[in-house]
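Visitor: The following block contains the structure, expressed as structure tokens.
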Amino acid sequence: MTRLRGHLTGLAAALTLALTACGGDPSAKPSTSPSSSPSTSTTSSAPSSTAPSPTGPPAQPKGKYGVTVDILNWDKYATDPVVLAAKQVNEGVQGSINRGRLVPGLLGRAGSEDVRQLMVTAVQTAASNRYHVDRRLVARVAKRKGATATLCFWMPSYDYRKPNGNLYQGPENYWGRYEMTFKKVGGTWKLTKVSGNGRCAGGAPQ
């Protein structure tokens, strides 16, 4: 698989991290037992969910596995199935990282062998190095075209954290731009491709 380059983190950087980080073993299997609880940080609290108004969009759901991707412009995309799929897949991968094992159904969201390998590698590499991620990932949707959602992630909330709580890449305060392409198989949107594509404009989230 082509190695992703640059300062990419989370799902898109899983393979790069496995090949370059100290101690990561790409051949190791993810642990089947839960890891110890990750330390918290200033960005780790999950956002509270508010009930929608009778005529408003659906409330943004929390992640099922302890990590929530908080999409700041959710109201605009609340009924978009591809955006919801991107949110859920990222929550599944990051939740798996914190648990030290793949959460149920995650590999079923992989629509290609490359993506499947990224998911597995993300978990085994984090487990090997005792990395974790914050419980709240701040994001916004930049574009949705066809079956591709372009999301901007606030990198301090998206990066791996070392056992001491420090960010893996360091405090790089910018929005990372990622393109995630899906295909619908039966009733499930599956991720077929993910790539980092530079940065998004804008300052720190409020």
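The values are calculated or read from the model by the stated rules, or taken from the named source; none is laboratory data. Because the structure is predicted, anything quoted here is derived from the model rather than measured. Please note: Cβ atoms are built from the backbone with ideal geometry, for glycine as well, and neighbour counts cover all protein chains shown. To get the accessible areas, we keep the full protein, side chains included, count just its heavy atoms, and leave off ligands, DNA and RNA. Shrake-Rupley method; radii C 1.70, N 1.55, O 1.52, S 1.80 Å.
Visitor: Report, by chain and number, residues whose modeled amide H sits under 5 Å from the one on residue 103, excluding near sequence neighbours (fewer than 5 apart, same chain).
Guide: Excluding prolines and chain starts, which carry no amide H, the hits are 96.
Visitor: Give the separation of the Cα centroids, the stretch 170-206 to the stretch 93-144, in Å.
Guide: When both Cα centres are located, 13 Å separates them.
Visitor: Ranked highest first by average number of other Cβ atoms within 10 Å, how do 94-101, 66-73, 145-152 line up?
Guide: Those peptides, ordered most packed to least, come out 94-101, 66-73, 145-152.
Visitor: Give 64/184; 76/183; 162/183 a once-over and call out the pairs whose C-alpha atoms are over 26 Å from each other. If you can, show how the numbers build up before the last one.
Guide: Working: 64/184 21 Å; 76/183 22 Å; 162/183 34 Å.
Beyond 26 Å: 162/183.
Visitor: Karplus couplings for the stretch 63-74 from phi (6.51 cos²θ - 1.76 cosθ + 1.60, θ = phi - 60°), rounded to Hz, Gly and Pro as x?
Guide: x, 6, 10, x, 10, 10, 7, 8, 7, 5, 9, 4
Visitor: So, one more: When ligands, DNA and RNA are left out and all protein chains stay put, how many square angstrom of accessible area per residue does the stretch 98-206 have with a 1.4 Å probe?
Guide: Numbers: 4730 Å² over 109 residues.
Solvent-accessible surface per residue comes out at 43 Å².
Visitor: Using only the alpha carbons, work out the radius of gyration and Dmax of the stretch 82-164 in angstrom.
Guide: Every Cα atom of the stretch 82-164 included, Rg and Dmax give 13.0, 41 Å.
Visitor: Amide H to amide H, which residues 5 or more places from residue 200 or on other chains are under 5 Å from it, using H placed in the peptide plane?
Guide: Under 5 Å from the amide H of residue 200 lie the amide H atoms of 175, 176, 177, each far enough along the sequence or on another chain.
Visitor: In nm, give the distance between the simple-model label positions of residue 107 and residue 144, each being 7 Å from the Cα along the Cα-to-Cβ direction.
Guide: 3.0
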